[in-house]
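Engineer: My questions will all concern the structure given below.
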Amino acid sequence: MSGKTVFTEISPSEFFYRNRDLAGFSNPSRALYSAIREIVENSLDSCELHSILPELYVRVSYAPGEEDKQEPKRYELVAIDNGSGIEKEQIPRAFGRIFYGSKYKLRQARGMFGMGGTMSVLYAQITTSKPVEITSCADGETYHRYLMLIDIEKNVPSIIKREEGGSNGWRGTKVKLQLVGDYFRSAAKIADYFRNTALVTPYANIAFVDPNGRLLHFRRGTDEMPEPPKETLPHPHGIDVEAVKRLIRNWKGGPVSKFMTQTFHRVGGKTALDFLAYASVPPGQDPTRFGNDELVRFTEALHGYDKFLPPDGRCLSPLDEQIFTAGIVKELSPEFYSVVVREPAAYSGFPFIVEVGLAYGGKSNQPGMKLLRFANRIPLLYDEGSDVSFKVLTEEIDLRRYKVPQEAPLVMITHICSTKVPYKTVGKEYIADRPEIEKELRNAMREALRKLQVYLSKKGSMEKQRKKMNIYSKYMPMIARFSANLIGTDKLPDYNKLIGLDIFSEGESDEAS
């Protein structure tokens with residue numbers, strides 16, 4: 001018996017409803033952590049893009065009647081920020097459509113796929129069937145509140161109720177939803193997420209209240225913020241045929257030489273003419289008249305021409321040494337720290353900057369090596385063994401070479417910022433081992449460890465000197481008294497100056513250590 005094959009189509013919401021593991025919502029424990037992370041990242045981006053010092057409040061509480069039930073169970077998640085807010089007409093779509101958002105620009109941002117906040121709403125809906133409540137104000141005067149669900153089959157918001165009122169000067173966004181989670185198993189990861197977020201956003205005030213009423217409060221340690229990232233043009237080496245086709249489709253007309261300088265990153269008039277000669281394309285030709293074969297050859301020439309300037313880092317927003325240092329000191333209180341910020345580099349035409357921090361010793365650091373990973377200021381807490389930073393640290397760095405003891409209390413912190421971080425999964429938990437990124441990480445780690453080696457060497461020399469002084473200070477009084485007895489006097493020589501004990505006065509001892 002034969003029949004026709006039936007073809008159907010599903011919406012993006014339907015796809016992630018069926019495959020939520022891909023977005024990090026694989027089980028109740030991971031889902032609760034992912035929902036918090038996605039909403040917090042949206043809040044921080046909203047503040048940083050407009051140079052607003054972030055004020056974040058996040059609360060996870062038991063849903064009514066759930067407190068005494070076994071895990072997993074329903075929780076209520078509330079997150080409030082003081083960001084730029086969302087315009088009235090955009091609120092339902094921003095939280096009710098997968099792949100709809102403000103992240104689809106060539107600009108550094110925590111989110112990349114425009115689905116994190118919506119995925120949290122989708123997971124909440126499919127586990128509790130409760131609508132999400134979104135309140136936002138963009139002008140400091142009028143708030144707009146929506147009670148809504150997602151029409152999963154159509155990938156559109158389904159609004160149940162809307163209202164508005166006076167905001168009394170508040171501007172920002174509040175998200176309130178119910179979801180099935182397992183806080184018992186995710187508590188440690190959630191706490192680590194907030195601690196690590198506070199480390200790379202020391203300019204933020206963050207308060208988190210857990211289901212048992214315990215407060216984690218991370219106070220702002222500096223008022224300095226990174227420069228907001230700027231949108232940039234695509235680099236010729238990072239573009240494909242389809243992208244070139246879209247650029248040409250939006251081109252208003254004119255010679256290809258002008259198309260090159262106005263469409264691509266860091267391509268000037270002379271470079272454009274040199275490239276067109278290399279590609280055998282007349283400078284006066286209109287690119288909108290390219291045939292398909294010409295388009296393919298043109299794109300291949302873009303990839304093969306090696307005289308394009310590399311992308312610069314002006315479109316990126318790294319932490320920089322001052323802010324990175326403030327975060328390390330505030331959260332880790334180390335005995336010694338160093339921060340290395342590498343020059344901008346590029347992979348496949350995408351600019352990136354590697355920053356590495358190192359914290360040694362201190363009251364909060366435990367013996368042994370610890371790696372903290374970040375990408376565009378996102379803490380990466382899962383799948384450490386698959387990350388390029390872990391590979392470099394464990395396979396390419398020999399701590400013995402830098403005289404670092406095996407059980408030294410050492411924290412290595414890596415931060416990669418880019419317009420396109422090469423994550424291996426949609427869940428954004430680990431970074432692919434691109435050779436260019438691997439090289440920058442390796443060089444940055446080595447530089448930070450060399451600084452630690454110098455410190456440990458000086459510290460070892462000081463310890464030897466101190467022990468020597470302790471021996472002298474113990475026996476010199478006895479020698480002085482014996483010498484005085486030999487010459488028949490009660491006056492002892494001034495042996496303090498002789499052994500240099502004055503350099504270890506109480507006021508200078510701590511500084512020297």
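The values are calculated or read from the model by the stated rules, or taken from the named source; none is laboratory data. Note that the structure is predicted; figures quoted are calculated from it, not measured. Cβ sites come from the backbone with ideal geometry, for glycine too, and all protein chains shown count toward neighbours.
Engineer: Check the stretch 242-249 and report whether any residue there is surrounded by 18 or more Cβ atoms within 10 Å (Cβ to Cβ), touching a residue at least 60 places away in the same chain (Cβ under 8 Å) and in contact with a Ser or Thr (Cβ under 9 Å, 6 or more places away or on another chain).
Structural biologist: No, every residue in the stretch 242-249 fails to be surrounded by 18 or more Cβ atoms within 10 Å (Cβ to Cβ), touching a residue at least 60 places away in the same chain (Cβ under 8 Å) and in contact with a Ser or Thr (Cβ under 9 Å, 6 or more places away or on another chain).
Engineer: Is there a residue in the stretch 444-452 that is over 22 Å from V404 (Cα atoms) and either over 14 Å from the mean Cα position of the chain (by Cα) or in the same structural domain as A31 (by TED's automatic domain parsing) (or both)?
Structural biologist: Within the stretch 444-452 (the criterion being over 22 Å from V404 (Cα atoms) and either over 14 Å from the mean Cα position of the chain (by Cα) or in the same structural domain as A31 (by TED's automatic domain parsing) (or both)), the answer is no, since none of the residues qualifies.
Engineer: Which of the residues spanning the stretch 385-419 are farther than 25 Å from I36 by Cβ, in a loop (DSSP other than H, G, I, E, B) and in contact (Cβ under 8 Å) with a residue 24 or more places away in the chain?
Structural biologist: Across the stretch 385-419, the qualifying residues are I397, K403, V404, E407, A408, T419.
Engineer: Can you pull out the residues in the stretch 88-97 that are charged (D, E, K, R) and either at pLDDT 95 or above or surrounded by 18 or more Cβ atoms within 10 Å (Cβ to Cβ) (or both)?
Structural biologist: Passing the criteria: only R97.
Engineer: Being on the phi < 0 side of the Ramachandran plot, among the aromatic types (F, W, Y) and either surrounded by fewer than 17 Cβ atoms within 10 Å (Cβ to Cβ) or modelled with pLDDT of 90 or more (or both) narrows it down to one of Y17, Y75, Y100, so name that one.
Structural biologist: Of Y17, Y75, Y100, the one residue that is on the phi < 0 side of the Ramachandran plot, among the aromatic types (F, W, Y) and either surrounded by fewer than 17 Cβ atoms within 10 Å (Cβ to Cβ) or modelled with pLDDT of 90 or more (or both) is Y75.
Engineer: Right, another one. Suppose we filter S34, S61, S29 for residues that are assigned to a strand (DSSP E or B), more than 21 Å from G169 (Cα to Cα), among the polar types (S, T, N, Q) and in contact (Cβ under 8 Å) with a residue 60 or more places away in the chain; which single one remains?
Structural biologist: S61 is the lone residue from the list that is assigned to a strand (DSSP E or B), more than 21 Å from G169 (Cα to Cα), among the polar types (S, T, N, Q) and in contact (Cβ under 8 Å) with a residue 60 or more places away in the chain.
Engineer: Among (1) surrounded by 18 or more Cβ atoms within 10 Å (Cβ to Cβ); (2) modelled with pLDDT under 95, there is one condition L32 misses while meeting the rest; what is its number?
Structural biologist: Tallying (1) surrounded by 18 or more Cβ atoms within 10 Å (Cβ to Cβ); (2) modelled with pLDDT under 95, L32 fails exactly one: (2).
Engineer: Based on this model, can you work out whether L399 counts as within 22 Å of T325 (Cα to Cα) and either of a type outside the set (D, E) or at pLDDT below 90 (or both)?
Structural biologist: Spelling it out, it is not the case that L399 is within 22 Å of T325 (Cα to Cα) and either of a type outside the set (D, E) or at pLDDT below 90 (or both).
Engineer: Given the structure, is P283 surrounded by 20 or more Cβ atoms within 10 Å (Cβ to Cβ) and modelled with pLDDT of 90 or more?
Structural biologist: So P283 does not fit the description; no.
Engineer: Sticking with this structure for a sec: Return the pair list, or none, for Cβ contacts closer than 9 Å from residues in the stretch 441-470 that are among the acidic types (D, E) to residues that are at pLDDT 65 or above, at least 6 apart or on different chains.
Structural biologist: Once the first residue is among the acidic types (D, E) and sits in the stretch 441-470, its partners that are at pLDDT 65 or above give E447/S338; E447/V340; E447/R342; E447/V356.
Engineer: Sticking with this one: When the residues of the stretch 370-384 are narrowed to those that are in contact with a Lys or Arg (Cβ under 8 Å, 6 or more places away or on another chain) and in a strand (DSSP E or B), which ends up farthest from L332 (Cα to Cα)?
Structural biologist: A375
Engineer: Of everything in the stretch 205-222 that's assigned to a loop (DSSP other than H, G, I, E, B) and among the polar types (S, T, N, Q), which residue is farthest from Q322 (Cα to Cα)?
Structural biologist: Restricting to residues being assigned to a loop (DSSP other than H, G, I, E, B) and among the polar types (S, T, N, Q), the top hit is N212.
Engineer: Please pick out the residue among E55, E67 that is farther than 16 Å from G117 by Cα, assigned by TED's automatic domain parsing to the domain that holds V209 and at pLDDT below 95.
Structural biologist: Within the list E55, E67, the selection yields E67.
Engineer: Now a separate question. Looking at (1) within 19 Å of P131 (Cβ to Cβ); (2) in contact with a Pro (Cβ under 7 Å, 6 or more places away or on another chain), which is the only condition E48 fails?
Structural biologist: (1)
Engineer: Specify the residue that is surrounded by the fewest Cβ atoms within 10 Å (Cβ to Cβ); the eligible residues are those in the stretch 455-495 that are of a type outside the set (K, R), within 27 Å of L358 (Cα to Cα) and modelled with pLDDT of 70 or more.
Structural biologist: S457
Engineer: Go over the candidates P202, P226 one by one and state the one that is in a loop (DSSP other than H, G, I, E, B), under 29 Å from I52 (Cβ atoms), touching a Phe, Trp or Tyr at 6+ places or on another chain (Cβ under 9 Å) and modelled with pLDDT of 95 or more.
Structural biologist: Among P202, P226, only P202 is in a loop (DSSP other than H, G, I, E, B), under 29 Å from I52 (Cβ atoms), touching a Phe, Trp or Tyr at 6+ places or on another chain (Cβ under 9 Å) and modelled with pLDDT of 95 or more.
Engineer: Next up: Any idea which of L372, L276, L319, L309 is at pLDDT below 95 and either among the basic types (K, R) or surrounded by 15 or more Cβ atoms within 10 Å (Cβ to Cβ) (or both)?
Structural biologist: Just a single option satisfies the conditions, and that option is L319.
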